[in-house]
Each structure stands twice: as C-alpha cells, then as structure tokens.
Amino acid sequence: MARTNHIIRTADVCDNHRTDARICETQFKDVGGRNHFHGLAVCMSTFEDNSGLRAILAEGGQGKVLVVDGRGSFRRALCGGNIAKEAFHYGWEGMIFNGAIRDSHEFEVLDFGVKVAGLTAMPPVHETQMERESFVNFGGITFNTGDYVYADQDCVIVLDKPDHE
C-alpha cells in the first residue's frame, strides 16, 4: 500500500491554525521507522487488552491513523512487532497509543509512524474487547473519529478538517 510520504510539520499547521489546532500534551516516543505521519483518526479504547485490534487493522488504513486510548497503562502492551507488521501491511499511515507497546525494535524497520506513551515487555490480557469509539480523550484534548491528525517529532495535533489537499 502506498503511504503519504509528504512531510507536513506540526509547527506549520499550528502557524496556520493558532486558534483551532488541538495539541496533545502527552510526550510520546517515536518507535516506527518514520517520525512524521498524518491522516484521518480512527479511535479505539481499551485497558491492557488488544483483543479486536487485528480485525480493525485488517479493514485497511490508507489515509488513516489509529488512535488508541489505553488509559495510560504501562503494565501491558497493546501492540507488539507482529501486529505492527500487520498494520504496515494493511496501509495504515500511523498509530498512536496512550499506553504501552512491546518489541519496539521490530517497529523501527517499518516505514510508518508509531507514537507510544511507554514501553513494556508484558503481553496484553485477553479478557475484554477493544472498543471502537466516536471519540477518546487524553493528553488534554479530544480525538474524534474522522478528525485529522498530524504527528511529527515535535508533537501530535488534531484539526477538525485537513490543513492540506
């Protein structure tokens, strides 16, 4: 799948949208092979469980960014290297985890962006199902499914509509 390789810097977007850009206050780690990405948000929520993640990824992600609110837990990973390879294969532009991932070394070779709040070695539990959400809240902002997400090494920002064509 072809991914958007055009770099759009968050600082430039913020210069154009000083009053309506929502800046996520979480200081993420970049673990993917690319530290910049953008696309339409697809929101999910969970707690230490990634059941259902593969099914969402398999729907295809061209032009999309998966935004997962894992409630900031670092006890259990929400994604590992094998699932990241699937996300890459299905064309996702990037993934953002308000939680932890594992096998971060396997993410580095994949040419897409992944931002994580933390890292762990513990696998997820399989007790509940990830929920697709119309919105999630973390880092002091709301991410709505269908909003436009921009990410680079500076930060993650959200707009109601894309800043570019």
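The values are calculated or read from the model by the stated rules, or taken from the named source; none is laboratory data. All figures in this text were calculated on a predicted structure; none of them were measured in a lab. Virtual Cβ from ideal backbone geometry, glycine too; neighbours counted across all protein chains shown.
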Could you check how many residues of the range 14-52 are modelled with pLDDT under 95 and of a type in the set (A, V, I, L, M)? 0
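Per-residue answers, yes or no, for (1) touching a helix residue (DSSP H, G or I) at 6+ places or on another chain (Cβ under 6 Å); (2) of a type in the set (D, E, K, R); (3) not in a helix (DSSP H, G or I):
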position: Ala100; (1), (2), (3): no, no, yes
position: Asp111; (1), (2), (3): no, yes, yes
position: Val114; (1), (2), (3): yes, no, yes
position: Asn137; (1), (2), (3): no, no, yes
position: Lys161; (1), (2), (3): no, yes, yes
Restricting to the range 14-35, count the residues that are closer than 24 Å to Ser73 by Cα and polar (S, T, N, Q). 3
Find all pairs meeting these conditions: Cβ atoms under 6 angstrom apart; at least six residues apart or on different chains; first residue within the range 67-87 and at positive phi; second residue surrounded by 24 or more Cβ atoms within 10 Å (Cβ to Cβ) and in a loop (DSSP other than H, G, I, E, B). none
(1) crowded, with 20+ Cβ neighbours inside 10 Å; (2) at negative phi all hold for Glu48 apart from (2)
With respect to Arg76, determine if the residue is in contact with a Pro (Cβ under 7 Å, 6 or more places away or on another chain) and under 16 Å from Glu48 (Cα atoms). yes
Kindly provide the set of residues from the range 96-118 that are among the aliphatic types (A, V, I, L, M) and touching a strand residue (DSSP E or B) at 6+ places or on another chain (Cβ under 6 Å), ordered by number. Ile96, Ala100, Ile101, Val114, Val116, Ala117
Which number in (1) within 18 Å of Trp92 (Cβ to Cβ); (2) crowded, with 18+ Cβ neighbours inside 10 Å marks the one condition that Ala55 misses? (2)
Residue check, Ala121 outside any helix (DSSP H, G or I), surrounded by fewer than 23 Cβ atoms within 10 Å (Cβ to Cβ), free of Cβ contacts under 8 Å to residues at least 60 places away in the same chain and out of contact with any Gly (no Cβ under 6 Å at 6 or more places or on another chain): yes
Apart from one, (1) farther than 16 Å from Val116 by Cβ; (2) of a type in the set (Val, Ile, Thr); (3) not in a strand (DSSP E or B) all hold for Val42; the odd one out is (3)
Is at least one residue of the range 71-81 of a type in the set (A, V, I, L, M), farther than 21 Å from Val158 by Cβ and either surrounded by 22 or more Cβ atoms within 10 Å (Cβ to Cβ) or in contact with a Cys (Cβ under 6 Å, 6 or more places away or on another chain) (or both)? yes
Among the residues of the range 14-30, are any free of Cβ contacts under 8 Å to residues at least 12 places away in the same chain, closer than 18 Å to Ala151 by Cα and not polar (S, T, N, Q)? yes
